Each structure stands twice: as structure tokens, then as C-alpha cells.
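Right, one structure below, let's go through it.
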Amino acid sequence: MTMYTTLFTGFRSIRSRRIGRLTGFLVLCGLAAAVSSGPTREQPSTQVAQAEIFSTVPIPGRIGRVMVENPQMSRSRAMVVNPGVPGVDASASFDIAARVIVDGDLAEVARAAGRGAKVVPAPTPGFVYVETRTVAEAVALAGRLMNHPRLGSVELDVEQPRAERLPTDPFFPGQWNLRNLANPLADVRAVGAWDAGYTGAGVVVGVIELSWQTDHTDLAANFVAAASMPPSVVTAHATSVAGIIAADDNGIGGVGIAYNAGLSRLIYGLASQNADAFLFRNDLNDIKNNSWGPLDNGRIHKIAAIEAAALQEAARTGRGGLGEVMVWAAGNGGLSDRVDYDPYASSRFTLAIGAIGDQNLRANYNELGSSMLAVAHSSGNVRNVFSTTSSFGYTTTFGGTSASAPLAAGAIALMLEANPMLSWRDVQHIIINTARRIDEPDETWIRNGAGRWVSENYGYGAIDAHAAVLAAEQWQSVGPEVVSDSGIATVNQAIPDLNFTGLSIDVVLDRLIRIESVELILNIDSTRIGDLHIELLSPSGTLSVFATSRNDPTSDLVDHVFTTLRSWDESSAGTWTIRISDQRENIQSTWIDARVKAYGTQWASECRPDLTGDGTLTIHDVQAFLNAYHTQDPVADFTGDEIVNFFDLLAYLNLFSLGCP
């Protein structure tokens, strides 16, 4: 193989003047034409970079003369050189790896490659990978194998350049929540998900509100009449919600994050109408977005029994048993309200989505909450959100969690396109696993007992559509949902008035499961529940606040369900502490009873010291043990004598040192 060696000592300085990589290649190629051919490789002491031109290089679809920028690396930029012309074809640039892909028998390839070659079967039947240390070695090996009589195709492993297939709609450049050019870290990463091939095709998202404008120029093509309820009054709000999800990529207006997804029209209203909407055509509707909720007035609201039952039924039977994915706006009550006061957003059957703005910071209206799953981008820092609106129009002033929820719903549509077999619980797992931790200095971030970062401001972080679809592609569904139940713990005690210490009780969960959500069910007689501060402490030491002292004059909690997601992946077994304090005077409250129910998956690990259940032993397992040891939880009983003491510590350390099988 003939080689032309080009030495260029000023390549790095050229790039430092912002002439760019392509200019560097052109300069290198021009110098290559001026250097006499031959094997000389003299390198002056001032050399910074080296490029080589290789002839007859097998790349997909052709055999060409190629310039490799860094042939002694395991991966390098390369360009096709035009024969006889002192230049390179900039349109034919690519990355080249130190690997040869061969169509042939493994043993035959190994013999042809020679002793010491690393030859492995490719996942594609009939193909073999030959790994080399450098690109130069791969080029030389490919040249030697390409004419072998008993081998098929021989090609170097290259990555071709890709064009971003961005929407052509005229207002797309201003849709910062999809692609934030001013602050690339502060968007939902839609472009990466689109480049991975996902646009929501085949997935239907229902918008539960009053009617949205189904004949809007930017929405009509995605309207799914068969999945829709009869129309009601068209509202601008509902039309904006629909546009964020799936405005069409049609060269008009803007686009939705899942611009090829279907959209259905579902109508809310009375409790019976809401329940009907939750269950309507869940064989066709995959996701249902709810950018509504009770008044954000700091009061603990109630949910009708039929609505609660319908949400549970949708999770049980929707999508052929995989479960309807119910997305809910977390609320716009700022610091005066909590997600936990909203019985819809705080249901374990829904995904409560809060809001961050274009600076990746909490929107000032975003509520705190133990039941918040994650956040998505909306108004609240500098810019508002673009979307469709009624009368065939557009708006640049949309926002609130009304805008963050449909952005999340659209991202979930991309996930379901990537893997239609995801259950409603799988979706939550993936969002938690792939969400980005933002605003790290924020003091509400803590590590829970399983080592996961979680925040009352941000849940588990900002939804990342690109990371989520990649995870969805490979996701193995979690096991069946199981529950660990404390049973009803009778209290029947007065809560001390104006006493910040309050009253605490402990309940024990005996069954060891890996937690997803935890419910606290309370019965309290009170003429003013706004006086009460309510919190739950897990065996691993994770605190979930459900209510703080506020101006809420409503009375009594009757079988009221609070939900926390803050103990995700922790162990359920052990002592849970419920604390309630009356932080205002003159009101007498009586705590009747309480119950704790943890939901999740059966503890899968066969390695007993793996207390986080992730299949590996880390410092988080040690911390989980120490938390259990400190609180005398049964999970720390490693000697089996039903007593937690120093001998359990020794037993745990011994098992930990042996590792997992």
C-alpha cells in the first residue's frame, strides 16, 4: 500500500485562530501534494499533529484514497482525497475506528488476520469484528483482507456524518423548550430524540380539558377522532396544550415535541365526566395529559371516589394491561401550595410534572412536593413558551405547569414509540433513571436511602427526552407490583396544640420490597387542618413532608391518601415514623389512626448485603445498613436472632467483604 506522509507543525495554531477543522484538512492536503512521495517519516521537534493519506481504503460503498487526521489513534476524523487533485472532498468526511468488519467465517477470518489479532463475532449473523490498536493498523489489515478469496465484504468501521433533521416550521427556531440555542443545557433534548428516529408515530395522546381546536392548521393532521369524545367549548388553553404535544411538522407555525403522534379530545367536568375521560378508549389512547387541577389555594383537596377508582382502573387495564400513562400538571401555587394537596397530581397512578424555565431554574410558581416525579421546561425564568392557540392562531406567552406537563407527555410518546411495551410504571422508572439533576446548589436536593438525588423543588430532575428514548429501547420491564402494608395503626390521641414537637408514632413494614411509591393514609378529627404539619420518615432516613402549617380552614382528614416518591428504590422493611404537629394555637385536633403502604417490586437481589437491590455492593448499601442499624430496623438483623446489635454489624461487614455472587 502506497502512503504519503504529511507533517504539519502549525495545525493546532491554525485551529486556535478559528479557521476550523476543515481548513486544517485542506492545508494538510495541500502540503501533502508538495511533499515528495516516499517512505520518509522525519518528524521535526516542533511537530504537533500528523496526518496520512492512504490509498485503496475500503469504506462502505466504495474503495477510496483517504486522509486520516490521527492514524495512530483508536478513532480519527478522515476525508476522501480526490485522485490527482491537491485537495479533499469535504462532503465525504467521516470518523474512522480501529476496527475492520468482515463478512466471513470466524475461524477463517482469524486465520487470515494472523496470530494475535482480536477477532470477535458481530451481533449481526455472518459478520466478524477484527479489533486493532490504531486506525493505521486497521487500514493495513483491511487492505490485506479485502482480496482474500474466502472472505466476503471487508470494510473499515466508519461513522458517516449526519444532518439534523430539524423541523422546517418557521417558528421552530423560537421554540427554546425544544432546542435552546442560547442555553443548550436548558431544554428537553428533543433534537437528540428526533435524531434517534422518534417523533411519536403510532402513539396517541389524549388532552383532557374542554375541547381544543381540532381543525387548527397545525393540529388537524394529528387529530384521532376514533379516540376522542364528543366536542365541547373550544378553549385557547387546551389548544396550546395540544400544540406542545403534537403540533404537526408541516412547514407551518411551530412543532410539538412528538409531532407525528396522534391527538385525541377528552372532556372534563363533573366527577363522573372526569372518571369517564380517564377510562375513555384506553385501547387507543396511550397517554392522557391533564393540565388542570384543584385551585392552588393551599388547601388539601378531596377526590371523588369514582375518580380515584377510575385512575386505578386506567392503570390496571389501559393499553391492554400495560396501563394508561396519566401525566398531571403539578400546580402553580408557588410556595403557598404543595403538590401533595392535589389528590390528582399526588396519586401514585399519575405522573406529577413541575416547571423549570429557560435557565434550568425553578419557575417561581412551581410548587414543592413529595409526590413530584420530575420537572420539564416552561415559562418562569426569562422566556415564555410558543404554541398553537384557538382561532387558527399562535401564542408566545403560554406557560405554567400547564405547559410543562404536555412537554413531558410528548416526551413519553417518544419513549412509547421506542418501546411500545413499556408499562405505566416502566415509564416512571425510565424518567427517574434518566432525569438530569439541575440547579445543584439548591438546598432541597438530598440523597435518599438508595443513593438517588431527589428534591422538593425538582423531583428527580429535568426530563431528558434523548436519554429517555435510548433507555426505553433497551428497557426490561419491571416485575409485577407488590405491596408492603403496615395495617391500620390506632392512635386516638390529641395532637398537642401549638407544639412543634407534636405527636409521633412508629409503624413497621415487615415485607421487604424495593420501593416505588409510598402512601400514608390518615384519619384526623380537626376543625382546622391547616394548623397541622405532617411528615413521614422512612427506615433509611428519608423525610417526606406532606403538609405544612398554612391558612387552610377546612376540617378533618377522612381516609386521606398522601403519596411520596422520595423513597424510590429504598428498602421498605423496617420502622416508619409518622410525625404530626399542631403549629398554631386554639385548635384541638385528634389523630384517629394511620396506615403506611409501600408499593414497588419484589426484592430481586440474591445478595443479602445488597440493600439497595441494584445487583452491586457500594457505599450506598453500607449507608442503608447503617441507617437500619441506627434505627433498630429488622432489615439490619443479619444474625437472625431478632435483635439488632454489634454482632449484626460484624455479620454485615463480613458478608459485604465476600461480595455478591
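The values are calculated or read from the model by the stated rules, or taken from the named source; none is laboratory data. Nothing here was measured: the structure is a model prediction, and the numbers come from that model. Using ideal geometry, Cβ is built from the backbone for each residue, glycine included, and neighbour counts are taken over all protein chains shown. Note: areas computed on protein heavy atoms with side chains; ligands, DNA, RNA excluded. Shrake-Rupley method; radii C 1.70, N 1.55, O 1.52, S 1.80 Å.
Only one of (1) within 30 Å of Ala122 (Cα to Cα); (2) in contact with a Gly (Cβ under 7 Å, 6 or more places away or on another chain) fails for Leu145. Which number is that? Just one mismatch for Leu145, condition (2). The set of residues in the range 503-530 being open to solvent by 20 Å² or more (accessible area, probe 1.4 Å) and of a type outside the set (D, E, K, R) consists of Leu503, Ser504, Ile505, Val508, Leu512, Ile521, Asn523, Thr527.
Scanning the range 613-652 for residues that are part of a loop (DSSP other than H, G, I, E, B) and within 28 Å of the chain's Cα centre (by Cα), we see that the one that is nearest to Val507 (Cα to Cα) is Gly613. Out of contact with any strand residue (DSSP E or B) (no Cβ under 8 Å at 6 or more places or on another chain) and open to solvent by 20 Å² or more (accessible area, probe 1.4 Å) - does that describe any residue in the range 444-455? Within the range 444-455, one or more residues are out of contact with any strand residue (DSSP E or B) (no Cβ under 8 Å at 6 or more places or on another chain) and open to solvent by 20 Å² or more (accessible area, probe 1.4 Å). Reported count of residues in the range 428-452, each being farther than 15 Å from Arg362 by Cβ and not in a loop (DSSP other than H, G, I, E, B), is 9.
The number of residues in the range 208-260 that are among the polar types (S, T, N, Q) and assigned to a helix (DSSP H, G or I) comes to 3. Scanning the range 188-202 for residues that are within 22 Å of Gly318 (Cβ to Cβ) and open to solvent by less than 10 Å² (accessible area, probe 1.4 Å) returns a single hit, Gly200. Of all residues in the range 403-421, exactly one satisfies the criterion of being open to solvent by 10 Å² or more (accessible area, probe 1.4 Å), touching a helix residue (DSSP H, G or I) at 6+ places or on another chain (Cβ under 6 Å) and in contact (Cβ under 8 Å) with a residue 60 or more places away in the chain, namely Ala418. Looking across the range 531-564 at every residue that is open to solvent by less than 10 Å² (accessible area, probe 1.4 Å) and within 30 Å of Glu642 (Cα to Cα), the one that is modelled with the lowest pLDDT is identified as Pro539.
For the range 336-391, taking the residues that are polar (S, T, N, Q) and in a strand (DSSP E or B), the one that is surrounded by the fewest Cβ atoms within 10 Å (Cβ to Cβ) is identified as Thr389.
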